[in-house]
2 protein chains.
Amino acid sequence: MRDVSIIGIGQTVVAEHWDRSIRDLAVEAALKARQDAGVERVDALYVGNMLSGELNGQENLAPLVADAAGLPPIEAIKIEAACASGGAAVRAAALAVASGAHDYVLAVGVEKMTDLLTDGVTSALAMAADADYEAGHGVSFVALNAMLMRRYMHDFKAKHEEFAPFTVNSHRNAARNPYAMYRQPVTVEDFLDSPIVSDPINILDSAGICDGAAAVLLAPAAEARRSRRPPVRIAASACATDTVGLAERADPLVWQAVADSARLAYRQAKVQPKDVDLFEVHDAFTIVSVLTLEASGFADRGSALKLAAEGRIALEGDIPICTLGGLKGRGHPVGASGTYQIVEVVQQLRGEAGAAQVKGAKIGMAQSVGGSGSVAVTHILQV
Amino acid sequence: MRDVSIIGIGQTVVAEHWDRSIRDLAVEAALKARQDAGVERVDALYVGNMLSGELNGQENLAPLVADAAGLPPIEAIKIEAACASGGAAVRAAALAVASGAHDYVLAVGVEKMTDLLTDGVTSALAMAADADYEAGHGVSFVALNAMLMRRYMHDFKAKHEEFAPFTVNSHRNAARNPYAMYRQPVTVEDFLDSPIVSDPINILDSAGICDGAAAVLLAPAAEARRSRRPPVRIAASACATDTVGLAERADPLVWQAVADSARLAYRQAKVQPKDVDLFEVHDAFTIVSVLTLEASGFADRGSALKLAAEGRIALEGDIPICTLGGLKGRGHPVGASGTYQIVEVVQQLRGEAGAAQVKGAKIGMAQSVGGSGSVAVTHILQV
């Protein structure tokens, strides 16, 4: 198994790109990653995407992107793992390089959500839940997360306002990221005044609907010096699953797939949570930040809110999360988010995160979650 | 890069499974493959599927199947490459084993098409074409193939009836396959009497809408003896792409992605077309059989019809194709077909194809094509 490095990164601004197509966004990110590396050669393309069929009327997405980027006859395949698609595509690309089948491999995460109105997007996102036993009964994806949040608040006697620091942190960091969608800082008061979406989840608990694409170019670590950029090593890449239906789990507040993928990743990278300098958390909803921090070993059960209250998740804290805005602040183009996270960890480890830089960052973790914790992909990157 | 073997196979009957879900079909195939091998351990699952979102309201499909098959916390990812998804999933699984990341990996191809009426399925299948420049103008997937067929008939002065032997061959072979959907033999007369779908393509030029799932269990070749079944080695696995839009190609009758993936596969396996004992062709339409046989080096340009006319594609011929019915006779549950092809090559190489057995088969090829030749996955298997 060959070691794999990230030698180039690219991303579009996350926004409502009314005037652009999914193809166009993906190509921008792909070409930027190639240009960043200064490497022309690409042997294969893995496109992480959840909903191109439902939202854009387009399957067969990977050859479409490859063609528009001028890449054929290379291999090109789409990877779907719900909201974890962007992380899963990087993992597929890493395995292709590790196997020796390919040397230079692009992973592009892309989602174009604004081609449909919000109710259409809500229906499409519900496809991450169990169609027969959850979505078929009318429960939306935000409603599932609302039930989790309510249960957490009940079990651990937490108040809704205690979740505010996660949103405040994400927006504060997004304000320093030129690629982020929501660059305005928000206060605890803004959070409390925010309209309810699905009780207790309000607008500022939730990552917004948007468009974007991010890309990484991978190469064997031994050949990474060919890049003009400092290579970042993929020290760990792991994926695990749990039931899709929440009702099937012994305890819905224990996200076992997240715990399993994190445990595998720590073992591969030979690190522990305390060694991680920054953690790109899948903060699709504030409750998801809480559950994944606990499952990944950064806080005991029921205590992740304290981590936020004490400021430990800030850029200056001991476990900075969502350092360039996270899903909440940067925006959450679902199938792209996992790739954005990895691009952002690379920015941090290269020391290129600008005003959002985590000082001296050497080890960064990115975790992409699909469904309500039904699939998790964890990467640990290292310089 | 480790050598990879297929140690177990499983498949459902291809049919209109009105009473069964996509989950149910996938699980049947997965469990059969595990049972066939007599191996309990599964480290990862790759699900090949094109349209679960559009047809079944279900994304996040791989964790759903993994859960229903009792497999979590294993890695589980969906692979989409239009109608080549089933072949691409086997390739993803093979890379995962080759890399050393996993040892025992399941690839399951599945499609459940009968949850929608035919017009809904036609719209969904058009997502294999270019949404902006083809499907958006109202051209259906069968219409694209009809234009190719018309052009072929014009360029090479071919008559429609000359395509009949492909359908006759597929149905003759399907009649000997208990898993096939269309087990009734058809004659050239039946073919000529068949109603037009999109001129010149008629019903008997076309693979039908249906449901099914097929699975293979892979392992490192060095550990394949743990299976209770004779292992079949994956001698080659290759994928290539071309433009999605037909209008972008210099010559739409030259399927370059097919040619490239076949060439790569021959090189990996160190064989030539003449060494191949049987070839599972992607006969979604008769014109596709013709174009892929020519692109893969079994016939010169404009001469594949002769191959069929001379009976060389029959079980007793020198290049038997669609030996267990192909997409036309067995049925074409789109994302599953590529996996069915590989299961069938394994049946042949093990000598378990019953009345459809190709005598003394040692080298078999399976080729799965997505879109109108925009992506092709070619496998060569060997005993």
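May I ask for the equivalent-ellipsoid semi-axes of the range B:295-349, computed as the square root of five times each C-alpha gyration tensor eigenvalue and listed largest first in whole Å?
22, 13, 10
Mind checking which of A:Gly100, A:Ala257, A:Met50 is farthest towards the positive end of the protein assembly as shown's charge dipole, using Cβ charges of +1 (Lys, Arg) and -1 (Asp, Glu) about the Cα centre?
Among A:Gly100, A:Ala257, A:Met50, the one farthest towards the positive end of the dipole of the protein assembly as shown is A:Gly100.
If the reach is capped at under 20 angstrom between alpha carbons, list the lysines near B:Lys112, excluding any in the same chain fewer than eight residues apart.
Output for B:Lys112: A:Lys78, B:Lys32, B:Lys78, B:Lys328.
Would you please classify the overall shape of the range B:143-296 from the alpha carbon gyration tensor, given that a ≥ b ≥ c denote the square roots of the eigenvalues, rounded means a/c under 1.5, and beyond that prolate means a/b larger than b/c while oblate covers the rest?
Verdict is oblate for the range B:143-296.
What is the dipole size for the range B:171-216, taken about its Cα centre, with +1 at each Lys and Arg Cβ and -1 at each Asp and Glu Cβ, in debye to the nearest 20?
Rounded to the nearest 20 debye, it is 340 debye.
Write down the percent of antiparallel bridges among all DSSP beta bridges whose residues are both part of the protein assembly as shown, to the nearest 5.
In the protein assembly as shown, DSSP labels about 70 percent of beta bridges as antiparallel.
Can you list the aspartates and glutamates whose alpha carbon is less than 14 Å from that of A:Lys274, not counting same-chain residues fewer than 8 positions off?
A:Lys274 reaches A:Glu294, A:Asp300, A:Asp318.
Any idea what the dipole of the protein assembly as shown comes to, in debye rounded to 20, about its Cα centre with Lys/Arg Cβ at +1 and Asp/Glu Cβ at -1?
That gives a dipole near 2580 debye.
Compute, for the range A:240-350, the length of the dipole vector about the Cα centre, with Cβ point charges of +1 (Lys, Arg) and -1 (Asp, Glu) only. Units Debye, rounded to 20.
With only Lys, Arg, Asp and Glu charged at Cβ, the dipole is about 140 debye.
Given all pairs of different Cα atoms, what value in angstroms does the Kirkwood hydrodynamic radius of chain A take?
Result for chain A, one decimal place: 20.1 Å.
Compute the accessible area per residue over chain A, keeping the other protein chains in place, probe 1.4 Å, unit Å².
Accessible area per residue, chain A: 32 Å².
As a test question: what accessible area, to the nearest 10 Å², does B:Lys112 have when a 1.4 Å probe is rolled over all protein chains in place?
0 Å²
Within the P(r) computed for the protein assembly as shown, what percentage of the Cα pairs occupies the region above 36 Å?
Of all Cα-Cα distances in the protein assembly as shown, 38 percent exceed 36 Å.
Total accessible area buried between chains A and B, 1.4 Å probe, in Å² to the nearest 100?
Adding both sides of the contact gives about 4000 Å².
In nm to one decimal, list the spacings between the B:Lys159 label point and its equivalents in the other copies, with label points set 7 Å along Cα to Cβ, shortest first.
8.7
Once the range A:247-371 is represented by equal point scatterers at the alpha-carbon sites, with solvent omitted, what log10 I(q)/I(0) does the Debye formula produce at q = 0.12, 0.16, 0.21 Å⁻¹?
Ignoring solvent entirely, the Cα scatterers give -0.41, -0.74, -1.32.
The values are calculated or read from the model by the stated rules, or taken from the named source; none is laboratory data. Given the structure is predicted, the values throughout are model-derived calculations rather than measurements. Ideal geometry is used to build each Cβ from the backbone, glycine not excepted, and the neighbour counts take in all protein chains shown. Surface areas here come from the heavy atoms of the whole protein model, side chains and all, with no ligands, DNA or RNA. Shrake-Rupley method; radii C 1.70, N 1.55, O 1.52, S 1.80 Å.
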